[in-house]
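The values are calculated or read from the model by the stated rules, or taken from the named source; none is laboratory data. All of these numbers come straight from a predicted model, not from anything done at the bench. Counting neighbours? That spans all protein chains shown, and the Cβs are built from the backbone with ideal geometry, glycine included.
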Amino acid sequence: MANINEIEVLTETELLDYLGIDYAEDRMVRSNVASAIVLADSYLKGAIGENYPTDDPRAKELAKIVAADIYNNRGMTEKIAYTVRKLVKDFELQLRMELRRKEGTCE
């Protein structure tokens, strides 16, 4: 599993702000946030491609959505709302197709 310091798409501070958490001194909170970021990055690599564009605002938003879902639903079986799920799939498809075009595997 990747190290949190090696992930470029999302920082701990960005996710904490996105989640509205201002009590990040708690070791367990920081550990769960770091884990959510690492898992979100792995998910995006699998869904979009290993070299997905970490500087693209859609990829950053996807990382926030996925990491927040992982953080907020750890230990739960609750699902993301249909509209959010559709947005996630649309962003993934757009980024995947753009990455393939850049790599020359899709015309």
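Here are the numbers for the structure shown:
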item: Unique residue being among the β-branched types (Val, Ile, Thr), in a loop (DSSP other than H, G, I, E, B) and in contact (Cβ under 8 Å) with a residue 24 or more places away in the chain when the list is 66, 9; result: 9
item: Near pairs, Cβ below 6 angstrom, 6+ apart or cross-chain, from the stretch 87-100 (modelled with pLDDT under 85) to any residue that is of a type in the set (D, E, K, R) and surrounded by 15 or more Cβ atoms within 10 Å (Cβ to Cβ); result: 91/58
item: Flag if residue 39 is at pLDDT 85 or above, in a helix (DSSP H, G or I) and of a type in the set (A, V, I, L, M, F, W, C); result: yes
item: Complete set of residues in the stretch 6-41 that are under 8 Å from the mean Cα position of the chain (by Cα) and either within 20 Å of residue 97 (Cα to Cα) or among the basic types (Lys, Arg) (or both); result: 9, 40, 41
item: Count of residues meeting criterion [surrounded by 12 or more Cβ atoms within 10 Å (Cβ to Cβ) and either at pLDDT below 90 or of a type in the set (A, V, I, L, M) (or both)] in the stretch 9-29; result: 8
item: Residues of the stretch 19-36 satisfying the condition of being among the hydroxyl-bearing types (Ser, Thr, Tyr) and not in a loop (DSSP other than H, G, I, E, B); result: 31, 35
